[in-house]
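Visitor: Got a structure for you, written out below as structure tokens; questions coming shortly.
The values are calculated or read from the model by the stated rules, or taken from the named source; none is laboratory data. Because the structure is predicted, anything quoted here is derived from the model rather than measured. Here the Cβ is made from the backbone with ideal geometry for all residues, glycine too, and neighbour counts use every protein chain on show. Each accessible area value is taken on the protein alone, full model and side chains, heavy atoms only, with ligands, DNA and RNA left out. Shrake-Rupley method; radii C 1.70, N 1.55, O 1.52, S 1.80 Å.
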Amino acid sequence: MKYPIKSKKNCRGVSIIEIVVSMLLLMTVMMSLAFVYPNGKKLTEATDKKTKATEIAKSIMEEIQAIPLFPSGNVAAGNIASYSLVYSNGSVPTPVLNDLNTQRMRNLEWPYHQLAGNWDATNTNNITNPVCPFFICDNDALVASVRANYNVRPFFILANDGVDVGNIHLPRGIDVSPHEPVYNSNRERTGNGNKIPIVARIVVSVCWANRSPLGHREDFNYSFIQLVNTRTENVY
């Protein structure tokens, strides 16, 4: 049986130019994937942290729901049940939520008061298994606190006024406005039965830190989320 004789054209191999072009195409695809993967991972991590920060803010907001808008009778500042969202009037120094700083939160073990005894939200040392998923810090100790806590929990709330870090302003963790009730034109609260409605605006802000692209411990960039709620009450 005779087989057809192959021509030289059919026996031609792969040229060096085709190999080079194939390698260039392969390198282009691989370089594209090298850029897409880190960006996708970064986006996933950012979304995950935003979701976790939102859950923390929701849990804090739920605890705030147990705090009355106004205090009932004489109160003492020794426990969180004594606090209110708004001053009872303009002269009596009733403890309000905005008075809470880092030290008072540590003494009250709040928020997350159900973790009493294991509450470690103001501990600035490295903790292997922290109980609280966030830590509380003052704005003047922000960088040191973030550096100490970052490996186990990047989330935090500022106990006092907000702070500018780089090109972002991190807000106070818990803020209630107004701090005092609205009076009528004669600043009357009692006596003639006037009802003065008040709306308290509650804002919970949870911040978190991210490593800088350079990966230096001292270099962080920051983000935050805010939840807003309102409480309404008629004041006599």
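Visitor: Within the stretch 100-111, is even one residue at pLDDT below 85 and assigned to a loop (DSSP other than H, G, I, E, B)?
Guide: No, the stretch 100-111 has no match at all.
Visitor: Among the residues of the stretch 112-133, count how many are open to solvent by less than 30 Å² (accessible area, probe 1.4 Å) and part of a helix (DSSP H, G or I).
Guide: Qualifying residue count, the stretch 112-133: 0.
Visitor: Counting only residues that are closer than 17 Å to ASP175 by Cα and open to solvent by 40 Å² or more (accessible area, probe 1.4 Å), which one in the stretch 35-82 is modelled with the highest pLDDT?
Guide: Here the answer is LYS58.
Visitor: When you scan the stretch 154-163, how many residues do you find that are at pLDDT below 90 and open to solvent by less than 10 Å² (accessible area, probe 1.4 Å)?
Guide: Counting residues in the stretch 154-163 that are at pLDDT below 90 and open to solvent by less than 10 Å² (accessible area, probe 1.4 Å) gives 1.
Visitor: Also, quick follow-up: Pairs only if they're at least six apart or on different chains, beta carbon under 6 angstrom, first in the stretch 137-152 and free of Cβ contacts under 8 Å to residues at least 40 places away in the same chain, second in a helix (DSSP H, G or I); list them, first residue then second.
Guide: Close Cβ pairs (under 6 Å, with a partner that is in a helix (DSSP H, G or I)) amount to CYS137/SER145; ASP138/THR102.
Visitor: If you take the residues of the stretch 164-220 that are among the basic types (Lys, Arg) and part of a strand (DSSP E or B), which of them is modelled with the highest pLDDT?
Guide: Here the residue is ARG201.
Visitor: Kindly indicate whether LYS8 is surrounded by fewer than 10 Cβ atoms within 10 Å (Cβ to Cβ), over 30 Å from PRO111 (Cβ atoms), among the basic types (Lys, Arg) and at pLDDT below 75.
Guide: Considered against the rule, which asks whether it is surrounded by fewer than 10 Cβ atoms within 10 Å (Cβ to Cβ), over 30 Å from PRO111 (Cβ atoms), among the basic types (Lys, Arg) and at pLDDT below 75, LYS8 comes out as yes.
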